[in-house]
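Colleague: Would you mind keeping the following structure in view while I ask a few things?
The values are calculated or read from the model by the stated rules, or taken from the named source; none is laboratory data. Since this is a predicted model, take the numbers as computed values, not measurements. Backbone-built Cβ (ideal geometry, glycine too); neighbour counts: all protein chains shown. The accessibility values were calculated without ligands, DNA or RNA, using every heavy atom of the protein model including side chains. Shrake-Rupley method; radii C 1.70, N 1.55, O 1.52, S 1.80 Å.
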Amino acid sequence: KAGVTQTPRYLIKTRGQQVTLSCSPISGHRSVSWYQQTPGQGLQFLFEYFSETQRNKGNFPGRFSGRQFSNSRSEMNVSTLELGDSALYLCASSLSTGTGSGTEAFFGQGTRLTVV
Amino acid sequence: QKEVEQNSGPLSVPEGAIASLNCTYSDRGSQSFFWYRQYSGKSPELIMFIYSNGDKEDGRFTAQLNKASQYVSLLIRDSQPSDSATYLCAVTPRDDKIIFGKGTRLHILP
């Protein structure tokens, strides 16, 4: 069974640009969550999509957005990039049956974004 | 605000000793509890999960859950240098969300 796939693995962008990251979840998983991880802040929750709908959202500015497609693949977009957006962006998928079970998250390898 | 709290560390433990990692959570109705290990530069990987009060053992790892105290811990016996990593505690409250702690850095001293 293929794991969670994130593309690209590495990205360098300049301030003011925008970026789109992609995540393909494990087959059958309908929940996709995105996290930002930096050395100082740890793992911070961005948002979660379930069946093409944003189900949960963290405390990030509106420059951070996402969407999920009918095949459960998800994209995350960051507009008007700032130096502070440099981080490892992780995507995680879970089965999320809606009964409280099957919620363990499986992570992709991440996209390391560097803003210069 | 539902919270999962961990000591950031670093926690230094001699090789061969028992490493004890602790986590507290705020939502008393939480149902599922997970421990993830993250090596530097890598993504987190699930190593243990526990749903019921008590202990759950898997090899050198033991997860302990005390719902009355809202406390979950991870014990690593016979610690090895390869256990040096950041350990993330994660909790599922009553709904289907999963909430992660900031993680504890563990350093095993050879």
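Colleague: Less than 12 Å Cβ to Cβ from B:Gly41, Lys/Arg counted +1 and Asp/Glu -1: what total charge do the surrounding residues give?
Modeller: Summing Lys/Arg as +1 and Asp/Glu as -1 gives +3.
Colleague: Do you know which residues of the range B:60-101 lose at least 30 square angstrom of accessible area in the protein assembly compared with their chain on its own, with a 1.4 angstrom probe?
Modeller: Going by heavy-atom accessible area, the residues of the range B:60-101 that drop by at least 30 Å² are B:Asp96, B:Lys97, B:Ile98, B:Phe100.
Colleague: Sticking with this one: Counting only Cα, what are the radius of gyration and maximum Cα-Cα distance Dmax of chain A, in Å?
Modeller: For chain A, the Cα radius of gyration and maximum Cα-Cα distance read 13.6, 44 Å.
Colleague: Projected area of the protein assembly as shown, taken from the Cα convex hull and averaged over every viewing direction, in nm²?
Modeller: 12.3
Colleague: What is the percent carbon and sulfur in the accessible area of the range B:32-110, measuring with a 1.4 Å probe over the protein chains and ignoring ligands?
Modeller: 50
Colleague: Roughly what would the spin-label model give for A:Gln54 and A:Val116, points 7 Å off Cα along C-beta, in nm?
Modeller: So the two model labels end up 3.1 nm from each other.
Colleague: Can I ask one more? Could you work out the relative contact order of the range A:34-108? I mean the mean sequence separation of Cα pairs under 8 Å and 6+ apart, divided by the number of residues, in percent.
Modeller: Dividing the mean separation by the residue count of the range A:34-108 yields 25 percent.
Colleague: Now for a different question. Lys pairs in chain B, Cα-Cα under 22 Å, at least 8 apart or on separate chains: how many?
Modeller: Qualifying lysine pairs in chain B: 7.
Colleague: Exposed loop GluC sites (Glu not before Pro) only (DSSP loop, at most 14 other Cβ atoms within 10 Å): please give the longest stretch of chain A free of them, not including the sites.
Modeller: A:1-51
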